[in-house]
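Before any comments, here is the structure.
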Amino acid sequence: MTFYVEVSFPDPIGEGTLTYHLPPGREVPLIGCRVVVPVQNRRLIGYITHIHQTLPTFKTVALGEVLDPLPLFSQAMLELAAITANDCACNIGEVLHAMLPGGIKQKIVRMIRACSDSAEPALQWLRQRDQVPYSSFMEAFPTAAGQIKNWLESGAVEILHSITANSGPRMIKVLRLNPEMAVEPDKLTPKERQAVQALLSCASAPTAAHLCRMAGISSAPVNQLKKKGLLLEIEERVMRQVADTDYYRRPAEMPPELSEDQQKVLAEIKDAYATDKKPVLVLGVTCSGKTEVYLRWVAEIIAMHKTAIVLVPEISLTPQMMKRFTDRFQSQVAILHSKLSDGERFDQWEKIRRGICPVVVGARSAVFAPLPRLGTIILDEEGEPSFKQGDSPRYHAREVANHRCRLENAELVMGSATPTIDSFYKCSTGAFRLVEMNSRVSDRRPPLVRVVDMRHELVARKNRSIFSQQLGDSIRKTLAAHKQVILYLNRRGYSSFVFCRECGKAIECPKCNVSLVYHTGSQIMRCHYCSEIQTVPDLCPTCGSRAIKFFGAGTQRVESEAKRYFPTARIQRLDSDSVSTKGSMEEILDHFGRGEIDILVGTQMVAKGLDFPNVTLVGILAADSLLRLPDFRASERNFSLLAQVSGRAGRGDCPGEVVLQTYYPEHHSIQFALTENYHGFYAKEARLRQETFFPPYMELASFIVSGTDKQRAADTAKALRDLFSAHPAVRADLLLGPAPAAIERINDRYRFQLLLKMADFNELTRTVKEVCRQLKKPGDTRLSIDINPCFML
């Protein structure tokens, strides 16, 4: 009986899987292994998702090489991948690929090799190099493209496929004494005896260079010992070390005594774990001690011989959270996030998979960490939108964590001072268990919040600076008291845009419908969507005027202005431009934690989770910037950021102060953020969502149809609308669009958006898959699907 194998791929192909037959005599592979298979004229790596003996109604080709002797995924993780693929309306292969660290992923490289002694220069060049990547050959000889077919037919060249991995185990050569040979000291030279004595004193096998340094000798005695057979040089695997920067320079400490709130929350979590395993949402004001509750709960989990995943939303939070957990659990902690190298991720993944580290701290993708005996997943700062993946598969870490905990009988714990409207709504329906922490630890007072109406600042005070008089005075007082300041602005770069004062036109990206942002360090204008770079023109490209002006403020300009107004202060910027090199973020936070920086200017990297006791002033320079976005979640995001960044002040013994600058002080997100009144904000925002049929009262799907041909993309979007309109489950009043997306063009691709709302999630995903399967996408037209999107742009 013939076996048939279903294979799914990291990139969407056809209906999602392709079917191959297993040639006679081949061992039946296991589900979850990777396999090399032919797809048209290509060879691709896919994932085996199903094996059966049902004869297909179509012709199949033979399965290729199986790359893994054992599956890379447990049964629970395979089930999780299937559920996530359904929730995201994507292929299971995309999810399986996302579950693996970069270091273990393999790719197929197309190679070309010369097979004859032809006098053709291109073939002679090729013969000197044995085989080279096909792409490299075509770069060297672009005119050879028309001759490749003839060369293949005549046997002058052949095409091969090489499978390579992004990384793998790190191997080093170490020295050990040969157990089969006795050491006779009287037959060794003095320096050879020194080498042997140094080797015997080593706790682990050293490299030759390390042994020479320890013994204080050159390499010659070591080489002689190898020749005599007394020393064996063998390859040994070593784990790459992930840097652990100590921000506080404090020794590991004993757990503090829990507050009444903390004890109550921990008891609720333990009760949920022991009874119904219902997810727990901890609504705790900033500085209420949620992290200590996480630490105590993880200690309980480890005592049960189970494992834990701790998810943090921003990479900037990971080192601090890592420090808190390594202080408590030492070498039992592994770290996973995108700033690690492929090799580091590979080693961390291996340590986790082998059960060496029972605790994993990481960003969004760490939800897929292959921990055995999972006991809990913790989502810190649950309200942060970066828990949603931007590219396919567009999963939300909270939903994946919920599914995984259910599959593995584990407990999901979420914590935030500003949880999402969706999660708080689930508490009201009974899906989540709510527990609150309303007091700051050690009875610390909340920071004093001062609101500055920038309209009044401009009209009455004639102040055109980015710093209001109140903020400037507060910064000076804070610096005089030898305390620290955080200045927050949700825009990097020097100027928001560059425009002409005569014709009023802003200089836009030629590939996107967005303004270019000026960066003073490199003195260039950059598009933050497609990375287009331009120099600042002398003349306006529209009217030819020389009246070019920089307008708006980014973090670079705030840093520059702060240095001008506070020349003696030590000032540093923390945004994605300033931490582009590895370790730079840790270094900046290290200096700030040790008091070597007086003013830290930053974007969202400084908004949440950072805990620096010497920070007594937070300045929010544009508290209403997010409210201008065409997004139904804009108010929620604004409230969350304001409440969270305000919570960075006054975390030590001294009282904190927040100066909030805005042109819209009466907006409800700002008013409720002043007193960190989440319940009041939720009541107002939930009512608005219910009236407009948005989540959490309806399920939402966003569709972006894009293409380089504007009319073709628009026609495809209209065809998608017609398909949905014809579906019996779709209500006409809950299908919106198509319309040009908020950013109509990105990287020379025109974008059109549709929105579909439905009351039932399963019906929504089922309808989306049924309809999108029918859509024909001509040319380079693409369709991206986002179920319950966090961003609408």
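When region 267-296 is filtered for residues that are more than 21 Å from Phe368 (Cβ to Cβ), part of a helix (DSSP H, G or I) and either in contact (Cβ under 8 Å) with a residue 60 or more places away in the chain or under 29 Å from the mean Cα position of the chain (by Cα) (or both), the ones remaining, listed by number, are Glu268, Ile269, Ala272, Tyr273, Lys290, Thr291, Glu292, Val293, Leu295, Arg296.
One line per residue, one yes/no per condition, for (1) of a type in the set (A, V, I, L, M); (2) in contact with a Leu (Cβ under 6 Å, 6 or more places away or on another chain):
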site	(1), (2)
Ser416	no, no
Ser423	no, yes
Cys427	no, yes
Val459	yes, no
Asn463	no, no
Gly472	no, no
Ala481	yes, no
Val485	yes, yes
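Taken over region 209-233, the criterion of being crowded, with 17+ Cβ neighbours inside 10 Å and of a type in the set (Gly, Ala, Ser) is satisfied by Ala215 alone.
Please list, ordered by residue number, the strands (runs of 3 or more DSSP E) wholly in region 574-693 having 1 or more residues that are buried (at least 22 other Cβ atoms within 10 Å of the Cβ) and within 26 Å of the chain's Cα centre (by Cα).
Details: elements: 599-602, 615-620, 657-662.
Hits in region 574-693: 599-602, 615-620.
May I ask you to verify whether Gly737 is touching a Phe, Trp or Tyr at 6+ places or on another chain (Cβ under 9 Å) and free of Cβ contacts under 8 Å to residues at least 40 places away in the same chain?
yes
Counting only strands (runs of 3 or more DSSP E) that fall entirely inside region 1-81 and contain at least 2 residues that are free of Cβ contacts under 8 Å to residues at least 40 places away in the same chain, the qualifying elements are 34-39.
Report yes if Lys191 is charged (D, E, K, R), out of contact with any strand residue (DSSP E or B) (no Cβ under 9 Å at 6 or more places or on another chain), in contact (Cβ under 8 Å) with a residue 24 or more places away in the chain and closer than 30 Å to Leu230 by Cβ, otherwise no. It would help to see each step written out before you state the result.
Numbers: charged (D, E, K, R): yes; out of contact with any strand residue (DSSP E or B) (no Cβ under 9 Å at 6 or more places or on another chain): yes; in contact (Cβ under 8 Å) with a residue 24 or more places away in the chain: yes; closer than 30 Å to Leu230 by Cβ: yes.
Yes: the conditions hold for Lys191.
Can you tell me which residue is surrounded by the most Cβ atoms within 10 Å (Cβ to Cβ) among those in region 776-793 that are within 18 Å of Thr708 (Cβ to Cβ) and not small (Gly, Ala, Ser)? If we take residues in region 776-793 being within 18 Å of Thr708 (Cβ to Cβ) and not small (Gly, Ala, Ser), then Thr781 is surrounded by the most Cβ atoms within 10 Å (Cβ to Cβ). Candidates in region 15-34 are the residues that are under 27 Å from the mean Cα position of the chain (by Cα) and modelled with pLDDT of 90 or more; of these, the one that is nearest to Gly46 (Cα to Cα) is Arg34.
Looking only at region 244-257, decide whether some residue is crowded, with 17+ Cβ neighbours inside 10 Å, at pLDDT below 90 and assigned to a helix (DSSP H, G or I). Even if it seems obvious, please write down each step before you answer.
Filtering region 244-257 for residues crowded, with 17+ Cβ neighbours inside 10 Å gives 247.
Now drop any that are not at pLDDT below 90, which leaves 247.
Subset that is assigned to a helix (DSSP H, G or I): none.
No, region 244-257 contains no residue that is crowded, with 17+ Cβ neighbours inside 10 Å, at pLDDT below 90 and assigned to a helix (DSSP H, G or I).
Could you check region 117-149 and list, in sequence order, the residues that are within 23 Å of Pro38 (Cβ to Cβ) and part of a helix (DSSP H, G or I)?
To start, the set of residues in region 117-149 that are within 23 Å of Pro38 (Cβ to Cβ) comprises 131-135, 137-138, 145, 148-149.
If the condition is that a residue be within 23 Å of Pro38 (Cβ to Cβ) and part of a helix (DSSP H, G or I), then Tyr134, Ser135, Phe137, Met138, Ala145, Ile148, Lys149 are the ones that fit.
Here's the yes/no breakdown for (1) under 21 Å from Ala272 (Cα atoms); (2) assigned to a loop (DSSP other than H, G, I, E, B):
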| site | (1), (2) |
| --- | --- |
| Ile301 | yes, no |
| His305 | yes, yes |
| Gln320 | no, no |
| Lys323 | no, no |
| Cys357 | no, yes |
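Counting only residues that are outside any strand (DSSP E or B) and over 39 Å from the mean Cα position of the chain (by Cα), which one in region 98-116 is surrounded by the fewest Cβ atoms within 10 Å (Cβ to Cβ)?
Here the answer is Ser116.
Which members of region 756-793 meet the condition of being of a type in the set (A, V, I, L, M, F, W, C) and under 26 Å from the mean Cα position of the chain (by Cα)?
Within region 756-793, the subset of a type in the set (A, V, I, L, M, F, W, C) is 756, 758-759, 761, 764, 768, 771-772, 775, 783, 785, 787, 790-793.
Of everything in region 756-793, those that are of a type in the set (A, V, I, L, M, F, W, C) and under 26 Å from the mean Cα position of the chain (by Cα) turn out to be Phe761, Leu783, Ile785, Ile787, Cys790, Phe791, Met792, Leu793.
Screening region 234-243 for residues that are surrounded by fewer than 15 Cβ atoms within 10 Å (Cβ to Cβ) and among the hydrophobic types (A, V, I, L, M, F, W, C) and picking the one that is modelled with the lowest pLDDT gives Ala243. Checking Pro12 against (1) over 26 Å from the mean Cα position of the chain (by Cα); (2) surrounded by fewer than 19 Cβ atoms within 10 Å (Cβ to Cβ), which single condition isn't satisfied? Failed condition: (1). Filtering region 86-100 to residues that are out of contact with any strand residue (DSSP E or B) (no Cβ under 6 Å at 6 or more places or on another chain) and closer than 11 Å to Tyr47 by Cβ leaves Glu94, Val95, His97, Met99, Leu100.
Yes or no: Gly355 within 17 Å of Thr307 (Cα to Cα) and in the same structural domain as Glu382 (by TED's automatic domain parsing)?
On the way: within 17 Å of Thr307 (Cα to Cα): yes; in the same structural domain as Glu382 (by TED's automatic domain parsing): yes.
Judged against the criteria, Gly355 is a match.
The values are calculated or read from the model by the stated rules, or taken from the named source; none is laboratory data. The model shown is predicted, which means the values in this text are computed figures rather than measured ones. Positions of Cβ are generated from backbone atoms using ideal geometry, with glycine treated the same way; all protein chains shown enter the neighbour counts.
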